[in-house]
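Inspection log for the structure reproduced underneath, given as structure tokens.
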Amino acid sequence: MAHGTPEGLEYRGSIFDKCYAVTKADQLRNTGIYPYFRAIQESEGPEVIMEGRKIVMAGSNNYLGLTTHPKVKEAAIKAIEQYGTSSSGSRFLTGTLDLHNELELKLAKFIGKEAALLFSTGYQTSQGVLFPLVGRSDYIFSDHENHASIVAGMLLARGALNTPVVRYHHNDMEDLEKRLQRVPAKAGKVIVTDGVFSTFGDIVPLNTLCSLAQKYNAQVLIDDAHSLGVLGEGGRGTASHYGLSHEVDLVFSTFSKTLASIGGFVGGEKRVIDYLKHESSAFMFSCSPSASATAAALAALHVLQTEPELIRKLHFNANVIRKGLQQMGYDVPDGQTAIVPVLLYDDAKACQLWQGLYDEGIFVNVFIAPAIPPGRAMLRTSLMASLEGNHLFRILEAYKKIGKRLRII
Ligand code: PMP
């Protein structure tokens with residue numbers, strides 16, 4: 001993480017020198033609060049066992065709580081019995097299961113696209129969709145706060161293909177337009193954005209973005225990781241939320257959140273998906289999702305479509321926590337997603353609040369520099385449909401008790 005060599009440590013010209021310097025991780029560990037890599041020993045829905053204690057999970061992306069839904073678990077177990085534990089190969093060769101084809105068809109239909117293609121993770125999806133589609137005369141326009149996986153795809157394109165990358169200010173459509181105006185009218189252009197931004201849970205202003213795309217002849221790519229199952233009609237995502245499903249060219253998302261599994265997919269026009277199927281290295285040269293992961297995602301998609309009350313409960317829970325924290329005096333922006341950010345602006349304070357909540361049996365995520373810009377430290381509270389009234393009460397009580405003790409509220 002850190003660069004440079006600490007006092008007294010001889011520079012030996014090795015790529016490992018930086019690992020022996022004082023890293024950011026060392027600095028954080030030295031404060032006595034290290035909130036990362038806490039192992040879960042058991043998961044019973046909204047409560048998990050960590051370090052031998054029962055903890056209320058208020059930091060997971062398991063938005064509809066489907067990782068422990070009986071139908072999802074049963075589907076995964078049955079798939080292992082039928083296919084074994086790994087698909088053991090790339091889709092191109094021996095790794096295609098009928099389950100993959102079935103899930104692709106169902107996902108495409110669900111989001112209203114002609115076709116879909118599965119990837120092994122959401123990260124690989126973002127990276128693997130963007131890179132094969134651009135060249136040196138195309139321009140990538142990317143929101144400053146896009147997920148790291150989109151940034152990875154962009155940097156690959158810039159490094160390997162010389163594709164110009166233009167980053168616009170977060171959700172700032174005036175800035176995007178100014179930048180669109182500066183590039184040659186005839187150049188290929190793609191605007192890529194998160195639908196819901198993963199740190200603060202805010203939503204892209206897709207109506208303006210799509211109008212700009214039309215005006216400047218650009219394609220629109222959306223990462224719907226935090227929107228699928230959360231926003232739009234029946235959880236169909238950001239484009240559906242705005243009634244703009246036909247204006248978005250490619251939608252990609254992950255199974256690691258609402259769909260209770262691991263893997264990712266992209267949906268779009270049949271020809272484009274077929275092109276990616278034969279040109280995307282991240283797709284072609286990686287083992288396909290296991291049968292159990294694919295069956296779990298299929299079952300989760302089915303539950304999403306047949307139990308719509310889960311989405312309503314998710315929003316109810318998020319609103320209770322958002323409003324409750326605002327009323328206590330926390331700096332919490334209004335929002336419409338499952339992510340409730342608690343803004344603290346100070347790394348030490350964020351870590352102390354995190355530790356206090358954890359001691360009270362509540363797990364949330366802490367974001368400090370360099371994960372986000374310095375001075376913007378925050379806790380990310382993420383809600384699930386499976387949290388019940390008593391869990392919400394405990395989350396709010398813990399925030400109240402520790403916030404008062406630390407004089408944050
Ligand atoms: N995109 C976004 C916006 C994300 O938040 C994440 C995961 N945090 C990913 C992509 C990557 O998904 P996966 O975990 O499936 O690799």
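The values are calculated or read from the model by the stated rules, or taken from the named source; none is laboratory data. As the structure is a computational prediction, the values presented were derived from the model and not from experiment. Every residue, glycine among them, receives a Cβ derived from its backbone with ideal geometry; neighbour counts consider all protein chains shown.
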| request: Give me a count of the residues in the range 108-124 that are of a type in the set (Val, Ile, Thr) and part of a helix (DSSP H, G or I). | output: 1
| note | When (1) within 16 Å of the ligand (Cβ to nearest atom); (2) surrounded by fewer than 23 Cβ atoms within 10 Å (Cβ to Cβ); (3) polar (S, T, N, Q) are applied to ASN162, the one that fails is (1)
| ALA108 vs. criteria buried (at least 16 other Cβ atoms within 10 Å of the Cβ) and aliphatic (A, V, I, L, M) | yes
| request: Return a yes/no flag: does the range 128-151 have any residue that is more than 16 Å from the ligand (Cβ to nearest atom), touching a residue at least 60 places away in the same chain (Cβ under 8 Å) and under 22 Å from SER198 (Cα atoms). | output: yes
| Across the range 202-238, what is the total count of residues that are out of contact with any Asp or Glu (no Cβ under 7 Å at 6 or more places or on another chain), more than 11 Å from the ligand (Cβ to nearest atom) and not acidic (Asp, Glu)? | 20
| task | Within the range 245-286, track down each residue that is surrounded by fewer than 22 Cβ atoms within 10 Å (Cβ to Cβ), out of contact with any strand residue (DSSP E or B) (no Cβ under 9 Å at 6 or more places or on another chain) and of a type outside the set (Ser, Thr, Tyr). | result | HIS246, HIS278, GLU279
| message | If I ask for residues that are without any contact (Cβ under 8 Å) to a residue 60 or more places away in the chain, in a helix (DSSP H, G or I) and either of a type outside the set (Lys, Arg) or surrounded by fewer than 19 Cβ atoms within 10 Å (Cβ to Cβ) (or both), which ones from the range 316-356 would you list? | response | PHE316, ASN319, LYS323, GLN326, GLN327, ASP347, LYS349, ALA350, LEU353, GLY356
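Residues are listed down the side, and each one gets a yes or a no for (1) part of a helix (DSSP H, G or I); (2) modelled with pLDDT of 95 or more; (3) of a type outside the set (S, T, N, Q):
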| position | (1), (2), (3) |
| --- | --- |
| ASN171 | no, yes, no |
| ARG179 | yes, yes, yes |
| CYS210 | yes, yes, yes |
| ILE222 | no, yes, yes |
| LYS257 | no, yes, yes |
| task | With the checklist (1) over 21 Å from the mean Cα position of the chain (by Cα); (2) closer than 25 Å to HIS226 by Cα in hand, flag the one item ALA369 doesn't pass. | result | (1)
| Positions within the range 373-390 being within 16 Å of VAL340 (Cα to Cα), surrounded by fewer than 21 Cβ atoms within 10 Å (Cβ to Cβ) and touching a residue at least 40 places away in the same chain (Cβ under 8 Å), in sequence order | ARG380
| message | Here is a check on your reading of the model: is THR199 surrounded by fewer than 22 Cβ atoms within 10 Å (Cβ to Cβ) and within 10 Å of the ligand (Cβ to nearest atom)? | response | yes
| note | When every residue in the range 125-158 that is assigned to a loop (DSSP other than H, G, I, E, B) and polar (S, T, N, Q) is compared, the one surrounded by the fewest Cβ atoms within 10 Å (Cβ to Cβ) is SER137
| said: Cβ-Cβ distance below 6 Å, separation of 6 or more or different chains: which pairs start in the range 110-125 with a residue that is farther than 21 Å from SER290 by Cα and end on one that is of a type in the set (A, V, I, L, M) and surrounded by 23 or more Cβ atoms within 10 Å (Cβ to Cβ)? | reply: ILE111/VAL251
| So which helices (runs of 4 or more DSSP H) stay within the range 267-309 end to end and still have 1 or more residues that are touching a residue at least 24 places away in the same chain (Cβ under 8 Å) and of a type in the set (Gly, Ala, Ser)? | 281-284, 291-306
| said: Among (1) surrounded by fewer than 19 Cβ atoms within 10 Å (Cβ to Cβ); (2) of a type outside the set (Ser, Thr, Tyr); (3) touching a strand residue (DSSP E or B) at 6+ places or on another chain (Cβ under 6 Å), there is one condition GLY59 misses while meeting the rest; what is its number? | reply: (1)
| said: Please count how many residues of the range 45-72 are outside any strand (DSSP E or B) and touching a residue at least 40 places away in the same chain (Cβ under 8 Å). | reply: 15
